[in-house]
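Accompanying notes for the structure given below.
Derivation of every value follows stated rules applied to the coordinates shown; laboratory data play no part. Source: prediction; values computed, not measured. Counting neighbours? That spans all protein chains shown, and the Cβs are built from the backbone with ideal geometry, glycine included.
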There are 2 protein chains.
Amino acid sequence: MSKSINHNFKRKSKPTYSPDEFVSEIRGGDISALSAAITFVESSKPEDHILANEIIDKCLPFSGNSIRIGITGVPGVGKSTFIESFGNFLTQQGKKVAVLAIDPSSQKSGGSILGDKTRMETLVQNENVFVRPSPSRGSLGGVAKATRESIVLCETAGYDVIIIETVGVGQSEITVRGMVDFFLLLMLSGAGDELQGIKRGIMEMADAVVITKADGDNLPLAKKAMSEYKNALHLFPAMDSQWIPKVSHCSALNNYNIDEVWNIISSYQNTTVNNGFYTENRKLQSQFWMNERINELLVSSFYNDAEAQKEKAKLEKDVLSGKISPFKAAEELVQKYLGEDE
Amino acid sequence: MSKSINHNFKRKSKPTYSPDEFVSEIRGGDISALSAAITFVESSKPEDHILANEIIDKCLPFSGNSIRIGITGVPGVGKSTFIESFGNFLTQQGKKVAVLAIDPSSQKSGGSILGDKTRMETLVQNENVFVRPSPSRGSLGGVAKATRESIVLCETAGYDVIIIETVGVGQSEITVRGMVDFFLLLMLSGAGDELQGIKRGIMEMADAVVITKADGDNLPLAKKAMSEYKNALHLFPAMDSQWIPKVSHCSALNNYNIDEVWNIISSYQNTTVNNGFYTENRKLQSQFWMNERINELLVSSFYNDAEAQKEKAKLEKDVLSGKISPFKAAEELVQKYLGEDE
């Protein structure tokens with residue numbers, strides 16, 4: 001089977017493998033089967049969707065045994081260089097590492113931040129690392145679902161550390177925060193202007209802030225930035241995890257202090273496993289995603305209804321011109337929709 | 001009419017006033033009519049709801065001419081003392097002031113932060129001030145709807161400044177942020193521990209941070225806190241309004257610097273009216289509330305369905321025990337719901 005599906009899997013005919021066969025190949029660590037399963041998870045075709053659901057259900061008992069790390073930062077902060085250095089460090093510690101990405105901007109360009117072949121070159125070649133580009137289409141909700149299910153698949157394949165990369169420009173951080181154990185914010189030294197690209201509120205979600213590019217002339221600046229961030233984080237209220245966010249610095253270029261980042265994450269894991277937050281958080285996340293998906297599906301049924309959308313556009317004009325209150329407009333729309341169409 | 005409806009309006013029989021009569025009384029500044037209309041807006045009875053909708057629609061053309069100010073801060077920061085001092089200052093400037101409150105905690109206690117008669121004593125007696133306690137029941141969504149419609153009613157009654165008070169302990173700040181022009185965060189000096197009660201991310205929504213109780217021995221501490229907050233705010237990215245959040249301090253006890261807070265708000269209004277954000281923001285808020293309400297109604301139709309909830313509870317157990325993915329569970333539920341019940 002692993003021969004018939006290559007890494008850049010393109011299915012020409014219906015799959016001839018049963019969900020059970022898929023699961024057994026994935027558990028055996030077959031990269032091609034893993035990639036293929038993720039492709040089904042990302043697919044919008046109904047038949048792929050059914051197959052994906054079956055595979056995921058069968059993988060669930062084998063999932064959950066990784067630490068899931070979200071990494072964000074503005075473009076230019078050196079995310080891919082950091083992940084490359086960090087990923088290679090982890091494999092030296094005997095870990096298997098999967099890198100997934102959530103990049104809503106790729107929905108527009110059709111490309112993907114991880115699609116660039118020149119990025120993470122050594123990581124892609126590391127046999128203990130699995131790198132998967134971001135799905136190139138779909139709503140953030142859809143991408144979130146695909147990513148969360150990809151985590152299950154990667155865990156079933158035996159990856160110990162799952163890194164979810166996101167770009168620092170929007171809603172995607174909040175989405176990633178909701179599916180990881182640990183959220184790492186990469187920052188440049190010379191705080192201030194560089195923060196412009198980070199959505200308000202992101203810093204407060206971070207379990208650690210790490211100043212990148214702490215090398216050469218930049219090192220003193222990085223140390224200064226560290227103390228600034230420490231002061232700023234000090235002003236934020238305690239997290240539900242009881243974890244006090246850490247501030248550190250590193251240089252991916254010199255492999256400097258990369259181990260320290262892993263120490264912080266390990267220490268977080270110890271703390272939160274012991275105080276029960278780690279497990280509790282994952283349960284809450286599962287409930288959260290179930291509820292999110294229910295709401296999403298209920299709402300999308302309305303937004304996929306052409307007639308309802310025509311009505312909505314009409315009433316929206318009346319709302320903006322002050323003819324009708326937004327609440328009454330909403331009520332009229334939903335009443336009409338639920339009454340007429342269902 | 002104003003005689004037959006008193007301030008603590010309790011309707012014993014059906015109202016004998018038409019929506020048009022209500023609007024004309026409200027426009028004439030009749031406090032009793034205004035209170036009664038807000039009671040309809042807050043009511044969960046279907047007949048009140050219909051009447052409220054009609055009144056709101058007829059008031060809409062007369063609304064929009066106030067500045068809407070959200071005020072938050074942890075319990076103990078001196079919110080009511082500040083609002084009292086600020087409100088009396090504004091009436092001295094010839095303004096009419098309405099104070100509304102959003103307090104989700106009152107849903108639990110059945111009471112209301114503004115229900116305490118000893119609070120804002122002089123403000124309640126000021127004839128140019130209208131103080132309305134928080135609705136004591138309903139979801140945050142319901143309370144938000146009632147508050148937003150109460151703003152329309154107060155504006156129709158000629159209030160120039162609408163203050164929406166919220167407690168600094170949850171989702172309510174985000175709700176209030178979405179219905180005001182200006183968001184004011186009150187803070188205590190000696191930053192750090194006092195922030196524990198403020199939800200992460202609130203500080204980043206503030207158009208101004210004002211340190212309260214800047215009197216006596218506290219004054220130097222307040223000034224120190226000011227510079228700390230200035231530094232912290234400097235780390236946050238620019239706001240959509242292009243407004244740079246201001247940090248100030250005041251003492252409601254001594255009526256010290258209360259005028260400065262109003263200067264900041266006026267300056268904000270000038271800036272954002274000129275750059276177009278003020279109007280644009282209100283339009284976006286209207287669209288936001290329409291969309292929010294549509295989603296709310298779609299989702300509540302599901303959550304009000306007893307059969308669907310029984311199914312959900314069953315599947316949730318399977319999700320938490322890892323038998324089914326949260327996404328597949330959601331799908332099964334919504335399919336069954338939309339297929340069976342409608």
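Remarks
- Inter-label distance, nm, simple model (7 Å from Cα along the C-beta direction), A:N231/A:N263: 2.5
- Counting every C-alpha pair in region A:288-341, the share spaced more than 18 angstrom apart comes to 39%.
- Taking a quarter of the surface of the Cα convex hull of region B:13-67 gives a mean projected area of 4.0 nm².
- Working ranking of peptides A:28-38, A:222-232 by packing, defined as the average number of other Cβ atoms within 10 Å per residue, highest first, is A:28-38, A:222-232.
- Ascending distances from the A:N263 label point to its copies in the other chains, with the point 7 Å along the Cα-to-beta-carbon line: 5.0 nm.
- Rg followed by Dmax, in Å, when region A:55-99 is reduced to its Cα trace: 13.8, 40
- Distances in nm from A:V124 to the matching label points in the other copies, shortest first (labels 7 Å along Cα to Cβ): 7.0
- If the Kirkwood radius is taken over C-alpha pairs of region A:184-342, then at 25 °C and 0.890 mPa s the Stokes-Einstein diffusion coefficient equals 123 µm²/s.
- In this calculation the C-beta distance from A:K317 to A:E47 is compared with R0 = 30 Å, giving a FRET efficiency of 0.15.
- Too-long pairs where the Cα-Cα distance tops 22 Å, listed order kept, from A:K323/B:K95; A:K145/A:K336; A:K310/B:K328; A:K328/B:K58; B:K79/B:K246: A:K323/B:K95; A:K145/A:K336; A:K310/B:K328
- Exam field: B:P61 pseudo-label spacings to other copies (7 Å along Cα-Cβ), nanometres: 6.9
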